[in-house]
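Participant: Here's a structure for you.
What follows draws every value from the coordinates through simple rules; no lab data is involved. For clarity, every value in this text was computed on a predicted model and none was experimentally measured. All Cβ positions, glycine included, derive from the backbone under ideal geometry; neighbour counts span all protein chains shown.
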Amino acid sequence: MFPLMFVSLLSTIGCAPSTLSADNCSDTEDQDGDGLNDCEEFELGTDYQESDSDGDGLTDAEEVECVSNPLDEDEQCYECGWAHNDPGDLVSEGLDIGDTMGSIELVDQCGEMVDTWDFYGEYHVLYMTAAW
Amino acid sequence: MFALYEGGSGNPATANDCAGYADTIGNPSFPVFADGSFQIVGTTPMTQLSHPELCALSPEMEILSCHVGHNSYMDALDTIRSDAGL
């Protein structure tokens, strides 16, 4: 009797399901108040009851906005606003014409170390010069 | 993307050099890197024996072509247009 009443009470006060699915998530509710609705959190795999799923100090929505992985505490928004484009399983093959350029980290004008592979997905001209 | 290998004094470029350079060219919406440790030389055909040098990169980070000289960016852009089918 008591368990049934308890479940009924939970249902009455609108408690969310303990796990989300595509069928039971809500695209109007944002239980953790991070700016992403529960269905968006389900699709991203983020915690719909925790505004900062990876605990890196930025909300899930902030990381989505700046194209950073909200499930990777080591990846945060670049101060200069560059996207963290995911190169997938990209592998460098060498340093000649036709090869995939290797991933290197360089400091940018905002003073942050930036991975060149974060610029995956668009054409670029890499222009090397001196400041003098 | 710009990458400075030397600052204004001729020393290896630093974060301050690229911040100053970005300010000088109007704070562009693309990165200005400092590469004072020659990492680009180790990952592209560029040598730092000429000035400036540039490479066209595909969306998959493939090195499409590399060029030397101030006006050679037009050649890099031609390579990109060709690769993109434009």
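Participant: Of the numbered conditions (1) more than 9 Å from every other protein chain (Cβ to nearest Cβ); (2) closer than 15 Å to A:W132 by Cα, B:T24 satisfies every one except a single condition; which is it?
Facilitator: All conditions pass for B:T24, except number (1).
Participant: While we're looking at this one, here's another question. Any residue in the stretch B:61-70 that is among the polar types (S, T, N, Q), within 8 Å of chain A (Cβ to nearest Cβ), surrounded by 14 or more Cβ atoms within 10 Å (Cβ to Cβ) and part of a strand (DSSP E or B)?
Facilitator: Scanning the stretch B:61-70 turns up at least one residue that is among the polar types (S, T, N, Q), within 8 Å of chain A (Cβ to nearest Cβ), surrounded by 14 or more Cβ atoms within 10 Å (Cβ to Cβ) and part of a strand (DSSP E or B).
Participant: When A:W117 is evaluated against the numbered criteria (1) part of a loop (DSSP other than H, G, I, E, B); (2) among the aromatic types (F, W, Y); (3) under 30 Å from B:L4 (Cβ atoms), which criterion, by number, is the only one it fails?
Facilitator: For A:W117, the exception is condition (1).
Participant: Taking the condition within 23 Å of A:E40 (Cα to Cα), buried (at least 19 other Cβ atoms within 10 Å of the Cβ) and facing chain B (nearest Cβ under 7 Å), does A:W117 pass?
Facilitator: So A:W117 does not fit the description; no.
Participant: Okay, next question. Of the conditions (1) over 13 Å from A:I97 (Cα atoms); (2) polar (S, T, N, Q); (3) more than 7 Å from chain A (Cβ to nearest Cβ), B:Q39 clears all except one; give me its number.
Facilitator: The single condition B:Q39 does not satisfy is (3).
Participant: Considering the stretch A:85-114 alone, what residues qualify as being at the interface with chain B (Cβ under 7 Å from one of its Cβ atoms), touching a helix residue (DSSP H, G or I) at 6+ places or on another chain (Cβ under 7 Å) and either part of a helix (DSSP H, G or I) or among the polar types (S, T, N, Q) (or both)?
Facilitator: Correct list: A:Q109 only.
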